[in-house]
Structure formats: structure tokens, C-alpha cells
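Written below as C-alpha cells is the structure these notes are about.
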Amino acid sequence: MAYVPSRFLDSHIPGQYGPRGFEGDGFVDVLTRVESMADDTRKTGQDQSDEEAALSARLERLGNRLHQVSRTSETAPDSRPAGADASAMARGFRLSTELVAGVLVGAGIGWLLDRWLGISPWGLIVFLLLGFAAGVLNVMRAAGVVRENQ
């Protein structure tokens with residue numbers, strides 16, 4: 001393999017770039033070194049067949065266990081009621097609506113006060129924060145974390 005100078009590299013020595021120990025005539029030398037490293041890790045035929053047999057046995061046992069579990073899950077009745085997912089989704093929508101409504105009402109009141117009193121942007125900022133606090137409180141009440149006033 002002939003050396004062709006590259007316009008991107010700043011050295012005319014081909015072995016300068018790359019990891020140590022891979023200097024040489026080029027790519028062919030690298031391939032032979034990698035191939036010789038792989039040869040040391042190969043096992044003998046008997047060891048390899050024993051490991052393959054053990055692996056096949058484990059795989060077959062795993063397949064049998066998976067088949068048994070899938071049969072029992074098909075015959076077992078479903079423990080969740082049919083409307084459980086819909087009820088959870090409805091509750092999530094209600095909680096998110098409570099928060100958004102609180103923020104929007106607070107922002108609306110603040111904007112109206114800014115227009116009426118001419119104190120822009122302070123009314124919007126204050127009532128936006130109050131609306132957020134009211135929204136969080138409503139979400140906590142709806143979720144049952146905080147008791148409602150009596």
C-alpha cells in the first residue's frame with residue numbers, strides 16, 4: 001500500500017496518527033493483529049458444545065416457564081374494573097382544569113385592574129400569582145389533600 005499524503009494531516013509520517021502499536025505498512029497489519037488477538041479467546045470444540053447444550057437447556061426451561069405464565073394470565077380474571085382508566089382520566093382533566101382556570105381568572109382580573117386603574121403591569125403580576133395560588137389550592141382540595149372549609 002503506497003503512502004499518499006493527505007492535505008488534512010500535518011505530518012508526512014504515516015504512523016504518527018492513531019493508537020500506539022498500530023504503526024506499520026497500513027491497514028493490513030492492523031487486521032492481522034486483531035485477528036491474532038481473537039484467536040487466543042476461542043475455545044475448543046468440546047467446551048463450546050457443552051456450553052451450547054447448557055444454554056439450549058436454559059432457553060428451553062425459560063420458554064416453558066413463559067408459556068405457563070402466559071396460560072395462567074389468560075385464564076385469570078382481570079382485577080381492574082372496566083371504567084378505572086376512564087375515571088382516572090376524568091380526574092386528571094378535572095385537576096388540570098382547576099389549575100388552568102385559577103391562573104386564567106387571576107390573569108383576567110389583574111388585566112382588568114391594570115386597564116381600569118392604569119397601574120400596568122403590577123395588577124396583572126399580582127393577580128396572576130394569586131390566581132396560581134388559588135388554582136393550586138383548588139387542585140389540592142379536589143385531590144383530597146386539603147380539607148374544604150366548613
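Points to keep in mind about this one:
- Treating r as the C-beta distance of residue 53 and residue 75 and R0 as 41 Å, the FRET efficiency rounds to 0.75.
- Gained length - residue 140 relative to residue 115, 0.36 nm times residue gap less alpha-carbon distance: 5.8 nm
- Semi-axis lengths (Å, descending) of the ellipsoid that matches the C-alpha gyration tensor of segment 84-143: 30, 9, 6
- Residue 101-residue 61 pseudo-label distance in nm [points 7 Å out on the Cα-to-Cβ vector]: 6.0 nm
The numbers here are math on the coordinates, done by the rules we state, and not lab data. Computed from a prediction, not measured in an experiment: that's the story for all the values here. Using ideal geometry, Cβ is built from the backbone for each residue, glycine included, and neighbour counts are taken over all protein chains shown.
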